[in-house]
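Okay, so here's the structure we're looking at.
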Amino acid sequence: MQLFKEVPNIKFTSKRYYAFALSGLIILAGVVMFFTRGFNMGIDFSGGTMIEISFQNKTTIPQVRKMLDKINLGDAQITRIGGENKFFIKTMASLKKLNLPNAVKMEDVEEYELVARQIRNSMLDAADKDQAAAGKIDLNNTAEGEIARFLRDKGLGDEDSKASAQIIIGLRKGKTGIIADFSELEKAGIKHRIMTVLRENTFLSQFTFLSVEFVGPQVGKELRRKAALACIWALIGMLVYIAFRFKFLYGLSGILTLAHDVLVALSFILFFRIEMSLQVVAALLTIVGYSINDTIVVFDRLRDNLKIMKKDDLEAILDRSLNQTLSRSIFTSLTVFLTVMSLYLFGGEVIRPFAFTMLVGVIAGSYSTIYQSCAWLKVWERYFLKRKKS
């Protein structure tokens, strides 16, 4: 399918220096941002605690931040999940920042569990805190094994304790993850005598922790190293492949084009303070694969035209190759762009960093295929091939 009735005759290669200047300015601005503010590192690379929390009643981000202010975590990153009352809370806080009593620090508990425990306590209202202080447990935020053990301590049999704990956890796997009322437990089949124990010794908070994850600083450092190596080896692999399929100068042009796409994407990540995470790295590697595919199509057409247009100069052959593949490049880029744009608009907050990176990458990749890949071949002709002939 062709977008144009006839092959256009756009002089792309003659604008190469304007293209180099535009790309250079964007990348230079990104370098300045990197050295002044740096990346907004997620817990994948910096280490920290990430909690997914669900509230029973309508809750806003300012309300969640106000709760966290009580324990000096008001600067935590809070992200709403879609339009629901669910949030991601990400923090790199340590025990020192929380100012926990020494008695608490001495417990045989992992640091992130203590951080999560303090965050959970900050979410409890005054009435729930009084019940927790009285020795009651929160059925919305207690693990199955702890619930069963608690019921056994209250004199219930082992079988009844396990069965009741399983029912409670099963109810918490619903849409909100929250048990709103004790009547839900009765309807679920918990025995009357066990319900009496639960009403007297437990309470139901208005929120629940759906998940708690932790990445240590050493793990984060190792992930940063591996992410950088993944990008570098991907670029080297592309260089080897193109050099083998075409020529070394083609491979060098291709690798510079891919490096351009990655650097432009990283620059926009810095401009908009997008959180640097493993999904962003995955997007960068996807950009490398997407962009090189378009570039190889152009190089393949260029190789054919070099055999046919032997009397023409290189710039004319480059422009001809780009114009012949222009319709294909536009259709491919447009379909990918629309797909990624839908993902960005409707995919939710969790997938948005990946979609944003892909959006920038698709635009940068389409632009670089036309204004960078072949333009570099023209540069090699002027500054390398002619010197070789002389």
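Cα to Cα, under 20 Å, and not fewer than 8 places away if on the same chain: which aspartates and glutamates meet these conditions relative to residue 175?
Candidates past the 8-residue exclusion: 52, 84, 138, 144, 184, 186, 349.
Of the listed peptides 248-259, 123-134, what is their order by residue-averaged count of other C-beta atoms within 10 Å, with the highest listed first? Write out the running numbers ahead of the final one.
Numbers: 248-259: 20.8, 123-134: 13.5.
The most tightly packed comes first, giving 248-259, 123-134.
Within 10 Å of each residue's Cβ, count the other Cβ atoms and sort 374, 231 from fewest upward.
On the way: 374 27, 231 18.
So the residues, fewest neighbours to most, are 231, 374.
Quick one: net charge of residue 362's neighbours, Cβ under 14 Å, K/R +1, D/E -1? Don't skip to the answer; put the middle values down first.
Working: positive: none; negative: 261, 294.
Summing Lys and Arg as +1 and Asp and Glu as -1 gives -2.
Cα extents of the range 268-344 along the three principal axes, largest first, in whole Å?
The Cα atoms of the range 268-344 stretch 52, 21, 19 Å along their principal axes.
P(r) tail for the range 48-214, what percent of Cα pairs lie past 22 Å?
Working: 6359 of 13861 pairs.
It works out to 46 percent of all Cα pairs.
With angles folded into 0 to 90 degrees, how steeply does helix 217-245 sit against the dominant principal axis of the chain? Use alpha carbons for both and round to 10.
Around 30 degrees separate the two axes.
For residue 307, go through the aspartates and glutamates and keep the ones whose alpha-carbon is under 20 Å away, minus same-chain ones fewer than eight residues off.
Leaving aside aspartates and glutamates fewer than 8 places away in the same chain, those within reach of residue 307 are 315, 319, 381.
Mind checking the dipole of the chain: about its Cα centre, +1 per Lys or Arg Cβ, -1 per Asp or Glu Cβ, Debye to the nearest 20?
Working: 51 positive and 38 negative charges, 414 e Å.
My answer is approximately 1980 debye.
Please determine, in degrees from 0 to 90 and to the nearest 10, the orientation of helix 192-201 with respect to the longest principal axis defined by the Cα atoms of the chain, where the helix direction is its Cα long axis.
Here the helix axis deviates by roughly 80 degrees.
Which chymotrypsin sites (Phe, Trp or Tyr not before Pro) from the range 1-49 combine a DSSP loop assignment with at most 12 other Cβ atoms within 10 Å?
4
Can you say what percent of the DSSP beta bridges in the range 48-214, counting only those with both residues inside, are antiparallel? Round to 5. Don't skip to the end; give the middle numbers.
Numbers: 17 of 19 bridges.
So the antiparallel bridges amount to about 90 percent of the total.
Debye sum, Cα scatterers, the chain, no solvent: what log₁₀ I/I(0) at q = 0.09, 0.12 1/Å?
Relative scattering, expressed as log10 I(q)/I(0), comes to -0.70, -0.96.
Before rounding to the nearest 500, sum -39500 (n - 2.57) across all DSSP H runs of length at least 4 in the chain and divide by the residue total; then give [θ] at 222 nm in deg cm²/dmol. Could you put the intermediate results ahead of the total?
Numbers: 19 runs with 248 residues, N = 390.
About -20000 deg cm²/dmol.
Note down the relative contact order for the chain as a percent, whole number, built from C-alpha pairs under 8 angstrom at least six residues apart. Before the final figure, lay out each step's value.
On the way: 493 pairs, mean separation 97.7, N = 390.
Rounded, it is 25 percent for the chain.
Return the percentage of antiparallel bridges among DSSP beta bridges fully within the chain, rounded to the nearest 5 %. Intermediate values should be presented prior to the final figure.
Values: 18 of 22 bridges.
Of the beta bridges lying entirely in the chain, close to 80 percent run antiparallel.
Would you please give the FRET efficiency between residue 18 and residue 306, computed as 1/(1 + (r/R0)^6) with r the Cβ-Cβ distance and R0 = 35 Å, to the nearest 0.05? All intermediate terms of the calculation are to be shown ahead of the outcome.
On the way: r = 25 Å, r/R0 = 0.73.
Efficiency computed from Cβ-Cβ geometry: 0.85.
Helix 144-153 versus the longest principal axis of the chain: what angle, 0 to 90°, nearest 10, using Cα atoms?
10
How long are the three semi-axes of the equivalent ellipsoid of the range 1-56, in whole Å, if each is the root of 5 times an eigenvalue of the C-alpha gyration tensor, listed from largest down? Mind dumping the intermediate values first?
Values: eigenvalues 380, 111, 12 Å².
Calculated on Cα positions only, the semi-axes equal 44, 24, 8 Å.
From the residues 211, 91, 171, which one has its Cα farthest along the dipole of the range 48-214 in the positive direction, the dipole being from +1 and -1 charges on Cβ of Lys/Arg and Asp/Glu about the Cα centre?
Checked the options; the winner is 91.
For the cross-link pairs 58/221; 247/310; 129/173; 86/162, which exceed 27 Å when the distance is taken from alpha carbon to alpha carbon? Intermediate values should be presented prior to the final figure.
Numbers: 58/221 38 Å; 247/310 18 Å; 129/173 24 Å; 86/162 29 Å.
Going by Cα-Cα distance, 58/221; 86/162 fall outside the 27 Å limit.
In debye, nearest 20, what is the charge dipole magnitude of the range 182-261 about its Cα centre with +1 on Lys and Arg Cβ and -1 on Asp and Glu Cβ, if you could check?
Details: 10 positive and 6 negative charges, 55 e Å.
Computed about the Cα centre, the dipole is about 260 debye.
Only the coordinates and a few stated rules stand behind these numbers; no lab work does. Note that the structure is predicted; figures quoted are calculated from it, not measured. All Cβ positions, glycine included, derive from the backbone under ideal geometry; neighbour counts span all protein chains shown.
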